Amino acid sequence: MFKKHPKGLIAAALANMGERFGFYIMMAILTLFISAKFGQRLNKIFEMIDVVIENNSMRVATGVLNEIVTEAVAMQQPPTDKGKRLKIYYVTQVAVKPPTFVVFVNDKNLMHFSYTRYLENRIRDTFGFRGTALKFITRERKED
């Protein structure tokens, strides 16, 4: 069916993105059920592509981003290891396409992937970023 209709090829590509990028990124992927045979919802494909492009190019101000992260840290304390607690100094967005965030911490070994995912979910809850993957880089910064 997808080979006969050119718009169906786009839908097939969107549907197979989850398989190529893995399960975790699937929460960022938008889905749209279409029928190339009957032409149902084909016009919505390009609207969805526009949303993904807009979200992939979205930039968040550092001050606003740090307010969200501060609230997230207050709701769920960072992990500890042998009595040493992770301190998040600040977060900034350094790139778009894909949106890339750098998290400055006291010890990057204390930053567990699950806490990074927690911060990502809080950022997604606030700003959306529907249909795009977010990249997080953890960097150490010593206390002043």
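Residues considered: R59, R122, R41. Of these, the only one that is exposed (fewer than 13 other Cβ atoms within 10 Å of the Cβ) and of a type outside the set (S, T, N, Q) is R59. Inside the range 115-144, can you point out the residues that are under 30 Å from M48 (Cβ atoms) and either in a loop (DSSP other than H, G, I, E, B) or among the small types (G, A, S) (or both)? Correct list: G128, F129, R130, G131, T132, A133, L134. Tell me, yes or no, whether the range 72-90 has at least one residue that is surrounded by 13 or more Cβ atoms within 10 Å (Cβ to Cβ), assigned to a strand (DSSP E or B) and either in contact with a Ser or Thr (Cβ under 9 Å, 6 or more places away or on another chain) or without any contact (Cβ under 8 Å) to a residue 40 or more places away in the chain (or both). Yes; the residues of the range 72-90 include at least one that is surrounded by 13 or more Cβ atoms within 10 Å (Cβ to Cβ), assigned to a strand (DSSP E or B) and either in contact with a Ser or Thr (Cβ under 9 Å, 6 or more places away or on another chain) or without any contact (Cβ under 8 Å) to a residue 40 or more places away in the chain (or both).
Scanning the range 38-71 for residues being of a type in the set (S, T, N, Q) and not in a helix (DSSP H, G or I) gives a total of 2.
Only the coordinates and a few stated rules stand behind these numbers; no lab work does. No experiment lies behind these values; they were computed from the predicted model shown. Quick reminder, even Gly has a Cβ in these numbers, built from the backbone with ideal geometry, and neighbours come from all protein chains shown.
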